[in-house]
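The values are calculated or read from the model by the stated rules, or taken from the named source; none is laboratory data. Remember, it's a predicted structure, so these values are computed and weren't measured experimentally. Positions of Cβ are backbone-derived with ideal geometry, glycine not excepted, and every protein chain shown enters the neighbour counts.
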Amino acid sequence: MLPTTLASLLVSLLDFVWTSSSDSLVQEPIDITKHSSPLHFELRHQHAVSSSARVVFSDYSLSSRPQFTSLETGTGALDKDHEERYLNTSFTVSSRKITSFRPPDFESFSQARLRSMKFAQSADLPWEVDEIVGPDVERRETLLTLAKMANNAYVEPEDPQWYELGSNWTVGYPFGWEPDADGFRGHVFATPDNSTVVLSIKGTSAGLFGGGGPTARKDKLNDNLLFSCCCARVDWTWSTVCGCYRGGWKCDQECVEEALTDESLFYPIGTNLYNNISYMYPDSNIWIIGHSLGGALAGLVGITFGTPVVTFEAPGEKMAARRLHLPAPPSDDHIVHIYHTADPIAMGTCTGVLSSCALGGYAMESRCHQGKSIIYDTVSNYSWAVDIRTHGIVAVIEKLLSDPWPPSIEAGREVPEPKSEDDCVECYSWEFGDFPES
């Protein structure tokens, strides 16, 4: 934790920076009855998953940083570089009140999940309605800050792809994972008073999406299981990731649902991580953010627990939620997806044997998102070509969210209006049912 004097000074500074920047960004008056003051987040924990699928936490605090002797006083103190790095682990995010539906208790939720895994049946829960503080997704600066927090889940500061946020912004500190860690990764942030906690989940690390790494193999397996129509069966040349394909365009429904319940996959790890965080912060609001695969996983965990979610360029996760038979709350408006029309992965158009995804070995065939979507029509308004290279989070930060969006400004808004994807259809060529293996 920061010393009291330093923490107070930092919060005051962030208040000043936020107020100054916000005044220049807001083009039209905003209804203050639904918008609240900014929240200030600081990095608390780093999390990873070991090869045995065990969630590992490490605390991050000022006292844990390396100590050096001051040339002026001769006393132990942080050198300037490390002090700046620590001060760059807090964030300011605008918030608003939203309605959330939560499971009545963990036991009820566990029984519902057990029923869905054993009998492939969704259970109805007596969801509890609550009004909580969530991210103000109708402010561009909020989306920009959360996108920056999601970006730095991928790399360490020494990596050429590390995104520097500048002196007025703060960055996530590098993961403290072992070199052989190959699974679920991310950061945990919290406000100084612990009222709100943010879980940031890393997306796919692969050459196709901008960098490889030790998690690439498991990332690819999760992508092909969660977002393909049937076990990544694109054509006859593909080796499937599960044994549910039955020839032609037939897929055994029960088989493909069972394939998603393996405890080594990322969704069960995500729910375990959420339970750990909620145990550590029992009175806190928990938000979940992520990019790409990380965003889809955030959506699955968010629909499970009724917690606010913001994703960036995530592939559609509604099909995976149905196959997992997740206990779903009466409303999923607490999940908001941010993506643009030039990204074939988020749009669900990176399909076919000659697509960029298929050429990289990825069957990204889903397209329907839960909750609401804020869609930037970059094809019509910016003349962007549909290209998988626009999928990266850095492109979203630098080319999309860093500047005001003209169509929204003309409509008196900061970002496109969040809308539900009501008429979405996917995997229409496939027939799903009871097809026993011959």
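Give the residues of the range 91-108 that are touching a Phe, Trp or Tyr at 6+ places or on another chain (Cβ under 9 Å) and modelled with pLDDT under 75, sorted by residue number.
F91, T92, V93 - these are the residues of the range 91-108 that are touching a Phe, Trp or Tyr at 6+ places or on another chain (Cβ under 9 Å) and modelled with pLDDT under 75.
Hey, among D387, D377, D343, D333, which residue is charged (D, E, K, R) and within 30 Å of E128 (Cα to Cα)?
D333
So how many residues does the range 260-300 have that are more than 19 Å from N194 (Cα to Cα), surrounded by fewer than 24 Cβ atoms within 10 Å (Cβ to Cβ) and not polar (S, T, N, Q)?
The number of residues fulfilling the criteria is 6.
For the range 422-438: of the residues being out of contact with any strand residue (DSSP E or B) (no Cβ under 6 Å at 6 or more places or on another chain) and surrounded by 15 or more Cβ atoms within 10 Å (Cβ to Cβ), which is farthest from Y382 (Cα to Cα)?
To start, the set of residues in the range 422-438 that are out of contact with any strand residue (DSSP E or B) (no Cβ under 6 Å at 6 or more places or on another chain) comprises 422-429, 433-434, 436-438.
Checking the rest, the ones that are also surrounded by 15 or more Cβ atoms within 10 Å (Cβ to Cβ) come to 424, 426-427.
On the way: C424: 24, E426: 27, C427: 30 Å.
Among those that are out of contact with any strand residue (DSSP E or B) (no Cβ under 6 Å at 6 or more places or on another chain) and surrounded by 15 or more Cβ atoms within 10 Å (Cβ to Cβ), it is C427.
Please determine whether any residue of the range 291-300 is closer than 23 Å to P126 by Cα and free of Cβ contacts under 8 Å to residues at least 24 places away in the same chain. Before the answer, list the steps.
Quick first cut of the range 291-300, residues closer than 23 Å to P126 by Cα only: 298-300.
Among the residues that remain, those that are also free of Cβ contacts under 8 Å to residues at least 24 places away in the same chain are: none.
Scanning the range 291-300, I find no residue that is closer than 23 Å to P126 by Cα and free of Cβ contacts under 8 Å to residues at least 24 places away in the same chain, so the answer is no.
Anything in the range 373-407 that is of a type in the set (G, A, S), crowded, with 20+ Cβ neighbours inside 10 Å and farther than 20 Å from A153 by Cβ? List them, or say none.
The answer is S373, and nothing else.
Let's see how each residue does on (1) assigned to a helix (DSSP H, G or I); (2) modelled with pLDDT of 95 or more; (3) under 23 Å from A314 (Cα atoms):
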site	(1), (2), (3)
R389	yes, no, yes
I397	yes, no, yes
D403	no, no, yes
V415	no, yes, yes
D422	no, no, yes
V425	no, no, yes
Y428	no, no, yes
P436	no, no, no
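Please work out if S356 is under 19 Å from G203 (Cβ atoms), polar (S, T, N, Q) and out of contact with any helix residue (DSSP H, G or I) (no Cβ under 8 Å at 6 or more places or on another chain). I'd like the intermediate steps shown before the answer.
Numbers: under 19 Å from G203 (Cβ atoms): yes; polar (S, T, N, Q): yes; out of contact with any helix residue (DSSP H, G or I) (no Cβ under 8 Å at 6 or more places or on another chain): no.
Here the answer is no, as S356 does not meet what is asked.
Are there helices (runs of 4 or more DSSP H) fully within the range 260-370 with at least 2 residues that are more than 21 Å from H391 (Cα to Cα)? List them. If you could, list the steps in order and put the result at the bottom.
Values: elements: 266-280, 293-305, 318-323, 344-347, 356-359.
The helices (runs of 4 or more DSSP H) meeting that bar are 266-280, 293-305, 318-323.
Hey, can you tell me all the residues within the range 344-365 that are closer than 17 Å to G392 by Cα, in contact with a Gly (Cβ under 9 Å, 6 or more places away or on another chain) and surrounded by 20 or more Cβ atoms within 10 Å (Cβ to Cβ)?
The answer is A346, G348, M364.
Any residue at all in the range 333-349 that is farther than 19 Å from E141 by Cβ and aromatic (F, W, Y)? It would help to see each step written out before you state the result.
Just the residues of the range 333-349 that are farther than 19 Å from E141 by Cβ, to begin with: 333-335, 341-349.
Of the ones still in play, those that are also aromatic (F, W, Y) are none.
There is no residue in the range 333-349 that is farther than 19 Å from E141 by Cβ and aromatic (F, W, Y).
Among the numbered criteria (1) out of contact with any Leu (no Cβ under 9 Å at 6 or more places or on another chain); (2) at pLDDT below 95; (3) within 27 Å of W238 (Cβ to Cβ), which one does G361 miss?
Tallying (1) out of contact with any Leu (no Cβ under 9 Å at 6 or more places or on another chain); (2) at pLDDT below 95; (3) within 27 Å of W238 (Cβ to Cβ), G361 fails exactly one: (1).
Inside the range 229-247, can you point out the residues that are touching a strand residue (DSSP E or B) at 6+ places or on another chain (Cβ under 8 Å) and farther than 19 Å from A358 by Cα?
Restricting attention to the range 229-247, the residues satisfying the condition of being touching a strand residue (DSSP E or B) at 6+ places or on another chain (Cβ under 8 Å) are 229-231, 233, 244-246.
C244, R246 - these are the residues of the range 229-247 that are touching a strand residue (DSSP E or B) at 6+ places or on another chain (Cβ under 8 Å) and farther than 19 Å from A358 by Cα.
Here is a check on your reading of the model: is C368 closer than 26 Å to T261 by Cα, touching a Cys at 6+ places or on another chain (Cβ under 7 Å), without any contact (Cβ under 8 Å) to a residue 60 or more places away in the chain and surrounded by 24 or more Cβ atoms within 10 Å (Cβ to Cβ)? Quick ask: steps written out before the conclusion?
Numbers: closer than 26 Å to T261 by Cα: yes; touching a Cys at 6+ places or on another chain (Cβ under 7 Å): yes; without any contact (Cβ under 8 Å) to a residue 60 or more places away in the chain: yes; surrounded by 24 or more Cβ atoms within 10 Å (Cβ to Cβ): no.
No; evaluated as a whole, the condition is false for this residue.
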